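Colleague: Let me begin by handing over the structure; questions about it come next.
Here, each number is a calculation from the coordinates, and none is a lab measurement. The shown structure was predicted, so the numbers you read here are calculated from the model rather than taken from an experiment. Note that each Cβ is placed from the backbone with ideal geometry, even for glycine, and that neighbours are counted across all protein chains shown.
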Amino acid sequence: MSSAAPPKRTTGATSRCTSSPTSSTASGGAWRGAPALPRGASYRDWARVLGREYTELIAELHRGHHTLLDPYGATNPAEFFAVATELFFERPRAMLEHHPELYEQLATFYAQDPAGGA
């Protein structure tokens, strides 16, 4: 009989991310490290838009420019996703105006339109 404690179970929300943050594809064509997208959403579009926006944020910060997205989002792609999510819910109209493709990807992911079709 083992004295090891059983693994902890979590309650509430389940993880929406695949297991490995690499650029190769997982089964079914999903990008590893990308969240489980709603049916009909494109991982190719997700990777293109979020990758471009992340790269642009880094470039803007290197140029010393002020950005709508919090600079902490340039830390790594996971923090970029967190910062983009905050902006999506806290200042949706500004995000829609300045980052429309990013807004659309998050609107599809969260199945919400907090800008109200502005």
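Colleague: Would you tally the residues in the stretch 57-82 being of a type in the set (Asp, Glu) and part of a helix (DSSP H, G or I)? Steps first, answer last, please.
Modeller: Quick first cut of the stretch 57-82, residues of a type in the set (Asp, Glu) only: 60, 70, 79.
Now drop any that are not part of a helix (DSSP H, G or I), which leaves 60, 79.
Of the residues in that region, 2 qualify.
Colleague: Could you check, for the stretch 83-103, whether at least one of its residues is under 17 Å from residue 36 (Cα atoms), in contact with a helix residue (DSSP H, G or I) (Cβ under 8 Å, 6 or more places away or on another chain), assigned to a helix (DSSP H, G or I) and touching a residue at least 60 places away in the same chain (Cβ under 8 Å)?
Modeller: no
Colleague: Next question. Of (1) of a type in the set (D, E, K, R); (2) without any contact (Cβ under 8 Å) to a residue 60 or more places away in the chain; (3) touching a helix residue (DSSP H, G or I) at 6+ places or on another chain (Cβ under 8 Å), residue 60 satisfies all except one. Which?
Modeller: Of everything listed in (1) of a type in the set (D, E, K, R); (2) without any contact (Cβ under 8 Å) to a residue 60 or more places away in the chain; (3) touching a helix residue (DSSP H, G or I) at 6+ places or on another chain (Cβ under 8 Å), residue 60 misses just condition (3).
Colleague: Still on this structure, please answer the following. For residues that are loosely packed, with under 13 Cβ neighbours inside 10 Å, acidic (Asp, Glu) and over 17 Å from residue 111 (Cα atoms), tally how many sit in the stretch 67-99.
Modeller: Total meeting the criteria: 0.
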